[in-house]
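Undergrad: To start, I am sharing the structure in question, which I have written as structure tokens.
The values are calculated or read from the model by the stated rules, or taken from the named source; none is laboratory data. The shown structure was predicted, so the numbers you read here are calculated from the model rather than taken from an experiment. Note that each Cβ is placed from the backbone with ideal geometry, even for glycine, and that neighbours are counted across all protein chains shown.
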Amino acid sequence: MSYKDFVNINTTFDKEEFYANEEITGTITVRNDSPIDLELENIKISLTLKHYGKNNTDSINLSSQKNYEYKRLSRKQIIKINFSLPPAYNITFEGKNVTQSTLIVTKVDITKECEKLLRNEKLSSFKLGGYVKGLFTPDFYDETNIIIAKGNTNYELKNASGYIHPGMKKGNSILVISGIAAIVIGILFYVNTKSIDSLLLIGSIYAILVAAIYHYKIGPSNSIGPINFKLQNLIDNSYEVNLKFKKRTINIKEIRCQLIGQEKVTYQSGKNRATSKAFFYNSKPHRILPQGLSVTDTISFPEKTLPISIKNDDFEIIWYFKITIRTRNNKVISGKHIVDLKYRKE
């Protein structure tokens, strides 16, 4: 028997799956399998959110409760503790690089005197591994996963307003990256060939690229200008989209709006830190026809069980509101803005 087997902890839930807005209820069973009677400090039951991915793990304590009812646990004695913890509002999720789980973590905290007795028990049995285990983690733990789904919980948006300038950010990013690449390639060519012609060729190619980017991205973006958006929650699991344009919408043929979910994890890759991103959800684009300098429309929230916005050290779930514009000349430009998607607390 190893040190951790001195106390057996088992967690059972009142149901197999909980909705995001439901209290987490169940029973903790603790049995003393050690050779001595145990004196208890307390038994702590915690609701914990964990993220895993790329060999990283981060946790957030959502809520907890301590039980001081039991002070002594005789040998082979079994006790049962019913628990009820607030809703987690974080669903079970497995993405490409990020896994999100909610757990019940139970800790049986014994007195210092009992810790010494148990460590001596392991040492007298010549099981040094068990002794060391008891030395560094003298208390007893159990972690049990909970399955949490959306169910009848409604979504809501927070911090959902700002400006989106479709096409401008992407166009400028391409210009900067291609400009740096052109300079580096030009220098390398000149160092190796000592030819001015190679520099002129690279400059001409870059000029053509700039003209193309302006034609397809920056030009159409300037003709439309920044769009002020505001999203407001409605009671029937939908939200209202309010768009205001600084310029006339005569150049707009079609507007499409959607919500996009992205997972992100930062991890150690060799000696450097790296970031991995993946989109796990794209809602169906909602078409809106331009009408003057402002438009209003209603869009339904997703019916699927999806993770809400959260930042947990190296892990992040990010939601975006995206606007895609098709111009009268059939040029397509888009832009997005971070918003907070949450489960509505009833």
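Undergrad: Please specify each residue of segment 74-104 satisfying the condition of being under 16 Å from the mean Cα position of the chain (by Cα), surrounded by 18 or more Cβ atoms within 10 Å (Cβ to Cβ) and assigned to a strand (DSSP E or B).
TA: Those that are under 16 Å from the mean Cα position of the chain (by Cα), surrounded by 18 or more Cβ atoms within 10 Å (Cβ to Cβ) and assigned to a strand (DSSP E or B): Phe93, Gln100, Ser101, Thr102.
Undergrad: In segment 228-292, which strands (runs of 3 or more DSSP E) lie fully inside it and hold 1 or more residues that are touching a Pro at 6+ places or on another chain (Cβ under 6 Å) and of a type in the set (A, V, I, L, M, F, W, C)?
TA: Values: elements: 238-245, 252-269, 272-282, 286-288.
Of the strands (runs of 3 or more DSSP E) lying wholly inside segment 228-292, those with at least 1 residues that are touching a Pro at 6+ places or on another chain (Cβ under 6 Å) and of a type in the set (A, V, I, L, M, F, W, C) span 252-269.
Undergrad: Here is a follow-up. Taking the options Ile36, Ile28, Ile43, name whichever one is over 14 Å from Ala88 (Cα atoms) and outside any strand (DSSP E or B). Step through it out loud before you land on a result.
TA: Details: Ile28 fails: outside any strand (DSSP E or B); Ile43 fails: outside any strand (DSSP E or B).
Selected residue: Ile36, the only one of Ile36, Ile28, Ile43 that is over 14 Å from Ala88 (Cα atoms) and outside any strand (DSSP E or B).
Undergrad: I'd like the full set of residues that are in contact with a helix residue (DSSP H, G or I) (Cβ under 8 Å, 6 or more places away or on another chain) and not basic (Lys, Arg), limited to segment 315-333. Explain how you work it out, then say what you get.
TA: Here is the first cut: in segment 315-333, the ones in contact with a helix residue (DSSP H, G or I) (Cβ under 8 Å, 6 or more places away or on another chain) are 325, 327-329, 331, 333.
Answer for segment 315-333, where residues must be in contact with a helix residue (DSSP H, G or I) (Cβ under 8 Å, 6 or more places away or on another chain) and not basic (Lys, Arg): Ile325, Thr327, Asn329, Ile333.
Undergrad: If you check every pair at least six apart or on different chains, which have Cβ atoms under 6 Å apart with a residue in segment 249-268 that is farther than 15 Å from Ser221 by Cβ and touching a residue at least 12 places away in the same chain (Cβ under 8 Å) first and a residue that is acidic (Asp, Glu) and surrounded by fewer than 19 Cβ atoms within 10 Å (Cβ to Cβ) second?
TA: Once the first residue is farther than 15 Å from Ser221 by Cβ and touching a residue at least 12 places away in the same chain (Cβ under 8 Å) and sits in segment 249-268, its partners that are acidic (Asp, Glu) and surrounded by fewer than 19 Cβ atoms within 10 Å (Cβ to Cβ) give Lys264/Glu316.
Undergrad: Considering only strands (runs of 3 or more DSSP E) fully contained in segment 119-195, which possess at least 3 residues that are modelled with pLDDT of 65 or more, within 36 Å of the chain's Cα centre (by Cα) and surrounded by fewer than 17 Cβ atoms within 10 Å (Cβ to Cβ)?
TA: On the way: elements: 140-146, 155-158, 161-164.
Of the strands (runs of 3 or more DSSP E) lying wholly inside segment 119-195, those with at least 3 residues that are modelled with pLDDT of 65 or more, within 36 Å of the chain's Cα centre (by Cα) and surrounded by fewer than 17 Cβ atoms within 10 Å (Cβ to Cβ) span 140-146, 161-164.
Undergrad: Now, a different point. Taking segment 49-72 only, how many residues are part of a strand (DSSP E or B) and without any contact (Cβ under 8 Å) to a residue 60 or more places away in the chain?
TA: 11
Undergrad: Here is a follow-up. Considering only residues that are more than 21 Å from Glu254 (Cβ to Cβ) and modelled with pLDDT of 70 or more, which ones fall in segment 212-237? Full working, then the answer.
TA: From segment 212-237, those more than 21 Å from Glu254 (Cβ to Cβ) are 212-214, 232-237; that's our starting set.
Listed by number, the residues that qualify are Ala212, Gln232, Asn233, Leu234, Ile235, Asp236, Asn237.
Undergrad: Can you tell me how many residues within segment 274-308 are of a type in the set (Ser, Thr, Tyr) and touching a residue at least 40 places away in the same chain (Cβ under 8 Å)? First the steps, then the outcome.
TA: Residues of segment 274-308 that are of a type in the set (Ser, Thr, Tyr), as a first pass: 275-276, 281, 283, 294, 296, 298, 300, 305.
Keeping just the survivors that are touching a residue at least 40 places away in the same chain (Cβ under 8 Å) gives 276, 294, 296, 298, 300, 305.
Number satisfying all stated conditions: 6.
Undergrad: Here's another thing I want to ask about it. Every residue in segment 293-328 that is part of a strand (DSSP E or B) and within 8 Å of the chain's Cα centre (by Cα), please. Talk me through it step by step, then tell me what you get.
TA: If we filter segment 293-328 for residues that are part of a strand (DSSP E or B), which is where we start, we get 294-300, 310-312, 315-327.
Selection gives Ile310, Lys311, Asn312, Phe315, Glu316, Ile317, Ile318.
Undergrad: Step by step: first the residues of segment 331-346, then only those that are farther than 27 Å from Ala149 by Cα and touching a strand residue (DSSP E or B) at 6+ places or on another chain (Cβ under 7 Å), then the one that is surrounded by the fewest Cβ atoms within 10 Å (Cβ to Cβ). Which residue is that?
TA: So, considering only residues that are farther than 27 Å from Ala149 by Cα and touching a strand residue (DSSP E or B) at 6+ places or on another chain (Cβ under 7 Å), the one surrounded by the fewest Cβ atoms within 10 Å (Cβ to Cβ) is Val332.
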